[in-house]
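Read the structure below first, then the notes.
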Amino acid sequence: MDWNDKTNRALIGAFLALETADEAQRFLRDLLTENEIDEFAKRLRTAQLLADNVPYSAIEAETGLSSTTVARVAAWLRKGTGGYSLILKRLKK
């Protein structure tokens, strides 16, 4: 992934330009399909549950995500770039 690519920088800039929850909701709905929004929301919820040491089976039951996706989120939470950890800390405030 080339985060310095002009198009990718523009996407990041678009997120940073959002000022309210309503703006974020409207932008996400125009940018993504309803299924993509649902999938990303479930991944975030999965990260929250994993951080609270909830078992995979309970996470799968709550979110409907596959064990593979839960394991992938767990791996990113442990060994990723720190994005999940950062946002989870900020959401707890």
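The values are calculated or read from the model by the stated rules, or taken from the named source; none is laboratory data. If you're wondering where the values come from, they're calculated on a predicted model, not measured in any experiment. Just the protein is used for accessible areas: all its heavy atoms, side chains included, with ligands, DNA and RNA removed. Shrake-Rupley method; radii C 1.70, N 1.55, O 1.52, S 1.80 Å.
What accessible area per residue comes out for the chain, rounded to a whole number of Å², with a 1.4 Å probe?
Accessible surface, normalised per residue, equals 76 Å².
Using Cα-Cα distances under 8 Å and only pairs 6 or more residues apart, what relative contact order does the chain have, in percent? It rounds to 18 percent for the chain. Of all lysines in the structure, those lying under 18 Å Cα to Cα from Lys79, and not within fewer than 8 positions of it along the same chain, are Lys89.
Per-residue ellipticity at 222 nm from helix content only, as computed over the chain with -39500 (n - 2.57) for each DSSP H run of at least four residues, stands at -24000 deg cm²/dmol. When a 1.4 Å probe is rolled over the protein heavy atoms, the share of accessible surface on the chain that falls to carbon and sulfur comes to 54 percent.
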